[in-house]
Amino acid sequence: MSVIHGKGLAYRINLKRAGLNFLNTRHKKAPIHGLQDPNLPHTVAIPYIEPVRAQASDTHWNRPTTGLATRKPPVKQAKTARGWTIHNGIVVWHESELEHRVSLRLQARADVVHLHSQYPVFNWTDDDGKVHKHTADYFVIFPDGVKLAIVVKHEKKRAQMLDEIKRIKADPSFAQVDDIRLLTETYGSIEAAENAKAILWSRRYHDQSEVDTLLAELGKVHAPLQFRFGELLRNCATRRTRRIAIWRLIDAGVLISPTGEKINELTWLTRVSAH
């Protein structure tokens, strides 16, 4: 028995034990990823957000821009995973898979108004008095106007980067932002990125009628406060649209899952009452 087959068998057994055997279909299903991200890089409280209503599509398409990016990373590089994604009409560059994962998680947050890459450029001075430049990996603007620069590095470089950030804060160029944060693989984990894709996917295929139906079911007096993801797929008209609706409510904070967990049908979700 292969490792992949073994994992699949164990997963089906766990579904049966959890009373979700109706999901144990043998045909290939769409992958399930996603993550509620209640941890915020800054301390400003974010209000409860209602699920967004689907908007009519625009009659014309606007070409994405590079936003505030000060440079375009070269695409070809054998030792890195360079590329880009588009967020709110802005091309967001990444120069490594870690940067890509952090970018996806930032994009999946409901409180990010603007996300730019390769901006701003800071100055810092070393012990010999030599001035160096550092371009932040990401620049985030929140609804309250807070401007945050994001530096992405691996955990093993934490001490070095925190010292550099300290020196940047001592330089006048720091005035461009309210704060600088270091994000490592503990934030941009593989699970977080995979789950963030489901949030972005649900926004793209948002179905308000199914969201309203699910909200009505969750609003019943005797509805449980905790349940498995798969329970919400029971007796629904179409599992795909119901799955999208579940992720829309996870995105909106109506349903919560422990941060860092890769969500699947066996994941426990908590229903949060409207504020």
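The values are calculated or read from the model by the stated rules, or taken from the named source; none is laboratory data. Quick caveat, the model's predicted, so the values are computed rather than measured. Cβ placement follows ideal geometry from the backbone for every residue including glycine, while neighbour counts extend to all protein chains displayed. The area values use the complete protein model at the heavy-atom level, side chains included, leaving out ligands, DNA and RNA. Shrake-Rupley method; radii C 1.70, N 1.55, O 1.52, S 1.80 Å.
Worth a mention:
- Evaluating P143 against the criteria (1) farther than 30 Å from A237 by Cβ; (2) outside any loop (DSSP other than H, G, I, E, B); (3) open to solvent by 20 Å² or more (accessible area, probe 1.4 Å) leaves one unmet condition, (2).
- Residues within the stretch 108-138 that are of a type outside the set (D, E, K, R) and either touching a Ser or Thr at 6+ places or on another chain (Cβ under 7 Å) or within 15 Å of I168 (Cα to Cα) (or both), tallied: 15
- L215 touching a residue at least 40 places away in the same chain (Cβ under 8 Å), part of a helix (DSSP H, G or I), open to solvent by less than 70 Å² (accessible area, probe 1.4 Å) and not acidic (D, E): yes
- Residues in the stretch 87-111 that are among the β-branched types (V, I, T) and within 15 Å of A192 (Cβ to Cβ): 1 in all.
- Screening A175 on (1) surrounded by 17 or more Cβ atoms within 10 Å (Cβ to Cβ); (2) modelled with pLDDT of 90 or more; (3) not in a loop (DSSP other than H, G, I, E, B) shows it passes everything except condition (1).
- Only one of the numbered conditions (1) over 21 Å from L104 (Cβ atoms); (2) surrounded by fewer than 20 Cβ atoms within 10 Å (Cβ to Cβ) is violated by E155, and that is (1).
- Hey, T85 of a type in the set (S, T, N, Q) and in a loop (DSSP other than H, G, I, E, B) or not: no
- Residue list for the stretch 112-126, filter: more than 13 Å from I90 (Cα to Cα) and open to solvent by less than 10 Å² (accessible area, probe 1.4 Å): P120, F122
- Count of the stretch 219-247 residues which are in a helix (DSSP H, G or I), open to solvent by 10 Å² or more (accessible area, probe 1.4 Å) and either within 15 Å of L269 (Cβ to Cβ) or among the charged types (D, E, K, R) (or both): 5
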